[in-house]
Every structure is written in C-alpha cells, then in structure tokens.
Amino acid sequence: MNGKRSLLRRQRRRIFLGCEGDSERGYGVLLGNLIEQRRQDIHLDVVLLSPGGGDSYTLVKRCEEHLLRNNRRGSPDYIHRALLLDSDLRGCDKMRDQEADRLALKLDLRLIWQEPCHEAFLLRHFDGFRDNRPSLPRDALTLLHKVWPQYRKGMAAVRLGERVGCTEVQRAAEVEPELAEFLRAIGW
C-alpha cells in the first residue's frame, strides 16, 4: 500500500424509488436530499419510469425491468422498494390494476398512491391544506397555484426545496399513510 493509509468507506444501503414522471422525480430527489441531511448510511435511488401514461401495471413492469437490470449488473440489492404514482386512472381497467398489485407484491414494491395526482399530493404538504382532497387533477393544480403561484409541473428538487422541507414532508405523511409507511420503513 506504499505507506498510504487506506480509508474504507461503508457502502450505503440503497432504496429504490420509481417515479411516474418528472414531477415525481423532482420530489424523489428532494426526499433523497432531505434523507441525506438526516442519515449518511442510506441512499435513495430515484428512477424515472416514463413514459408510463398513468397505467399502474406498465409502471410496475418498468420497475421490475429496472430491478432485473440492477441484479444483472451485480449492483447491491435495494433494502426497500417503492413507486410513486398517480391514482387518477386507477379503476379504469380493474384487471390491469390487479395485475399491478400482484406484481408489486411479488417484487416487494410499495405503491405510494398520489390521490388523484402529484399536485394534490404536494398540496397536502402545505399548512392549512393537509386535509384537502381535490378530486380532479385540474382542481388540485388550481389550489396548489393559490398556495404556490410559482409552481410548475416537473420542477427540479432544488426549486421544490425552496418551499418543501422536512416539516412539510412530515405534515403530508400525517395524512398520507403510504408515504408515512415508506418513510418509517427507511428510517426517516
């Protein structure tokens, strides 16, 4: 070793977060940044799965493909797996929904449903809007613009981080059980 001291760095445990679109990816990266402020032993691997078109089965199948590629490359396995997806098309094709649920169970993939869309999910991060449940995506976007006029779909994590931090994520987790379960599982 030529007299040089070798520093061994413990490998971070990896967590997979599949994302339906750019908005979810920005949120996922923001979550990863917030987690790294709290813990140095885990890494959130945020993977964009688009185009998914909102079809839950297609998105879960893309997760499976990513996980298989990950294994073939010999990468360390993920200690937790989750998928962040909109629910606005859920129920349109019950058979595909059931197939998605079965495959997610087989993959040990936690589904974090955004009711009905990412903007409504994001709205619940803000004080006074935690219990707000708009039923249509356009209504969610309208309400979100009232709270955050500068919001745009597909915002990068840095921009999201200007308004969403640990307090806001915790607020949303109080009314989003799937988010809360995911955060608990990864040691938030």
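The values are calculated or read from the model by the stated rules, or taken from the named source; none is laboratory data. All of these numbers come straight from a predicted model, not from anything done at the bench. When we count neighbours, we look across all protein chains shown, and the Cβ atoms used for this are built from the backbone with ideal geometry, even at glycine. Heads up: the accessible areas ignore ligands, DNA and RNA and are worked out on the full protein's heavy atoms, side chains in. Shrake-Rupley method; radii C 1.70, N 1.55, O 1.52, S 1.80 Å.
Per residue, the chain exposes an accessible area of 55 Å² to a 1.4 Å probe, with every protein chain left in place. I'd like the orientation of helix 137-147 relative to the chain: the angle between its Cα long axis and the longest Cα principal axis, in ° from 0 to 90, rounded to 10. For 137-147 against the chain, the angle is about 80 degrees. Charge tally around F129: other residues with Cβ under 14 Å, Lys/Arg +1 each, Asp/Glu -1 each, net -2.
Accessible surface of the chain, 1.4 Å probe: 49 percent of it comes from carbon and sulfur atoms. With the convex hull of the Cα atoms taken as the outline of region 73-149, the averaged projected area works out to 7.3 nm². Computed from phi, the 3J(HN,Hα) profile of region 32-49 under the Karplus parametrisation 6.51, -1.76, 1.60 (θ = phi - 60°) reads x, 5, 5, 5, 5, 5, 9, 9, 9, 9, 10, 9, 8, 8, 8, 10, 7, 10 Hz, with x in place of Gly and Pro.
Candidate values (1) 1.03; (2) 1.01; (3) 2.03 were compared with Rg/Rh (Cα atoms, Kirkwood Rh) computed on the shown model; the agreeing label is (2).
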